[in-house]
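Working notes, beginning with the structure itself.
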């Protein structure tokens with residue numbers, strides 16, 4: 001299904017969003033990611049009160065996330081211009097975190113490598129093999145998933161995807177996982193047969209390392225507005241043609 005152009009390359013409105021700010025290796029909580037998203041959408045630096053109002057959250061909740069983001073160097077804070085009595089309110093915006101330039105160069109390198117592999121006689125199969133080796137290495141660096149059965153393996157996949165900044169959203173059984181972010185979105189749109197196959201291979205390699213004797217993840221690139229879809233097994237109520 002991945003090689004069908006109608007499902008692989010969708011319109012620009014389909015598929016995941018890029019990783020916010022091309023952050024380096026920082027793993028954000030859902031709340032921190034939501035605040036970072038709101039700052040990214042703001043046209044200019046915003047006050048805490050304005051940010052909280054736009055997100056319909058209590059200012060103390062937003063302040064807690066801002067403090068964490070600022071500590072990681074992902075958010076910068078400045079003083080607003082004076083307007084009347086009293087100290088002007090602080091204003092917040094996304095910062096350029098250390099390593100952003102290097103991470104951008106990494107994305108460009110990934111696109112170059114994808115273009116090279118795209119010329120291979122079997123680019124998707126070769127990309128899956130490369131991703132599988134990568135996934136086995138990544139899984140070896142993580143604690144083995146806790147629990148028993150295939151459920152623990154699917155939970156391990158969700159944790160790995162979160163670590164890799166895909167911002168996964170799993171159903172109850174983690175048989176269907178929406179990938180709402182992509183760290184290499186531009187390259188994936190240009191060379192989905194390579195980049196998306198590498199990502200599928202990563203999951204296959206991790207599952208195999210964790211003891212799945214026959215891992216068969218199915219990645220559907222740009223499957224729906226706002227996400228790619230990863231199938232691990234056959235979720236109830238959804239066909240996997």
Checklist entry - Of all residues in region 176-188, which are in contact with a strand residue (DSSP E or B) (Cβ under 7 Å, 6 or more places away or on another chain) and either part of a helix (DSSP H, G or I) or at pLDDT 90 or above (or both)? => result 176, 177, 178, 179, 180, 185, 188
Checklist entry - Here is a list of conditions, (1) in the same structural domain as residue 169 (by TED's automatic domain parsing); (2) modelled with pLDDT of 75 or more, and residue 108 meets all of them except one; can you say which number that is? => result (2)
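Take the conditions at pLDDT below 80, under 21 Å from the mean Cα position of the chain (by Cα), on the phi > 0 side of the Ramachandran plot and surrounded by 16 or more Cβ atoms within 10 Å (Cβ to Cβ) and apply them to residue 10. Does it pass?
Details: at pLDDT below 80: yes; under 21 Å from the mean Cα position of the chain (by Cα): yes; on the phi > 0 side of the Ramachandran plot: no; surrounded by 16 or more Cβ atoms within 10 Å (Cβ to Cβ): yes.
No; evaluated as a whole, the condition is false for this residue.
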Checklist entry - Inside region 38-53, can you point out the residues that are over 16 Å from residue 64 (Cβ atoms) and within 17 Å of the chain's Cα centre (by Cα)? => result 40
Next on the checklist: I'd like to check something: does region 189-205 contain any residue that is at pLDDT below 95, closer than 10 Å to residue 15 by Cα and touching a helix residue (DSSP H, G or I) at 6+ places or on another chain (Cβ under 9 Å)?
Outcome noted: yes
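What tally of residues in region 125-151 results from selecting those that are under 21 Å from the mean Cα position of the chain (by Cα) and either under 22 Å from residue 179 (Cα atoms) or outside any helix (DSSP H, G or I) (or both)? Outline the logic, then answer.
Filtering region 125-151 for residues under 21 Å from the mean Cα position of the chain (by Cα) gives 127-128, 130-143, 145.
Right, trim to either under 22 Å from residue 179 (Cα atoms) or outside any helix (DSSP H, G or I) (or both) and you get 127-128, 130-139, 141-143, 145.
Of the residues in that region, 16 qualify.
May I ask you to verify whether residue 29 is at pLDDT 70 or above and within 23 Å of the chain's Cα centre (by Cα)?
Values: at pLDDT 70 or above: yes; within 23 Å of the chain's Cα centre (by Cα): yes.
Taking the combined requirement at face value, the residue satisfies it.
The values are calculated or read from the model by the stated rules, or taken from the named source; none is laboratory data. Nothing here was measured: the structure is a model prediction, and the numbers come from that model. Virtual Cβ from ideal backbone geometry, glycine too; neighbours counted across all protein chains shown.
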